[in-house]
1. Going by what's in this entry, would Ile51 be described as modelled with pLDDT of 95 or more, surrounded by 16 or more Cβ atoms within 10 Å (Cβ to Cβ), of a type in the set (A, V, I, L, M, F, W, C) and part of a helix (DSSP H, G or I)?
2. State all residues of region 14-48 that are on the phi < 0 side of the Ramachandran plot and among the small types (Gly, Ala, Ser); if no residue qualifies, say none.
3. Can you spot a residue in region 81-91 that is among the aromatic types (Phe, Trp, Tyr) and crowded, with 17+ Cβ neighbours inside 10 Å?
4. What do you reckon, is Glu77 within 15 Å of Gln34 (Cα to Cα) and either under 15 Å from the mean Cα position of the chain (by Cα) or surrounded by 13 or more Cβ atoms within 10 Å (Cβ to Cβ) (or both)?
5. How many of the residues in region 20-40 are surrounded by 14 or more Cβ atoms within 10 Å (Cβ to Cβ), over 13 Å from the mean Cα position of the chain (by Cα) and part of a helix (DSSP H, G or I)?
6. What are the pairs with Cβ atoms under 9 angstrom where one residue, in region 18-42, is touching a residue at least 24 places away in the same chain (Cβ under 8 Å) and more than 22 Å from Gly59 (Cα to Cα) and the other, located anywhere, is part of a helix (DSSP H, G or I) and β-branched (Val, Ile, Thr)? Sequence gap at least six, or different chains.
Amino acid sequence: MDELALEAGSDAIVRELVVLFLEDVSQRLQELEQAVKRGDRSARERVAHSIKGSAANLGAERLALLASAIEHCSNDEALTEIAGMAEEFEALKQLLDERYA
C-alpha cells in the first residue's frame, strides 16, 4: 500500500479528510461504472480525472494510476479497469479505516 500524504495536521482534520475522500470516491466509482455502461466517454473521462486528482492529493498513487488508465482507455477496457480500481479502493478504505477510525 502506498504511503499516504497525510503526515501533517491534527488527527481530527486528517480523519475528516479521509471520511470525505472515502465518501466522494465511493460515489464517483458508481458514477464511473454507470458512465461506462452508457458508453458516455466524456462522463467517464471527467469522473476518472476527478478520482485521479482526489487520490493523488491523498497520496494514494496506485488508485490515481488506475483512474488515469481509465481516463485514457477505450470503453471496453474501462470495464475491466474499473474492477481493479474497485478492489484497490476497498483495500485503501480498509487501510484508512484501520489508521484513522
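The values are calculated or read from the model by the stated rules, or taken from the named source; none is laboratory data. Note that this is a predicted model, so its numbers are computed, not measured. Using ideal geometry, Cβ is built from the backbone for each residue, glycine included, and neighbour counts are taken over all protein chains shown.
1. Values: modelled with pLDDT of 95 or more: yes; surrounded by 16 or more Cβ atoms within 10 Å (Cβ to Cβ): yes; of a type in the set (A, V, I, L, M, F, W, C): yes; part of a helix (DSSP H, G or I): yes.
Yes.
2. Start the filter on region 14-48 by keeping residues that are on the phi < 0 side of the Ramachandran plot, which leaves 14-38, 40-48.
Answer for region 14-48, where residues must be on the phi < 0 side of the Ramachandran plot and among the small types (Gly, Ala, Ser): Ser26, Ala35, Ser42, Ala43, Ala48.
3. Residues of region 81-91 that are among the aromatic types (Phe, Trp, Tyr), as a first pass: 89.
If we keep only those that are crowded, with 17+ Cβ neighbours inside 10 Å as well, we get 89.
Yes, there is a match, as at least one residue in region 81-91 is among the aromatic types (Phe, Trp, Tyr) and crowded, with 17+ Cβ neighbours inside 10 Å.
4. On the way: within 15 Å of Gln34 (Cα to Cα): yes; either under 15 Å from the mean Cα position of the chain (by Cα) or surrounded by 13 or more Cβ atoms within 10 Å (Cβ to Cβ) (or both): yes.
Criteria met by Glu77.
5. 2
6. Note: pairs meeting the criteria are Glu33/Ile82; Val36/Ile70; Val36/Ile82.
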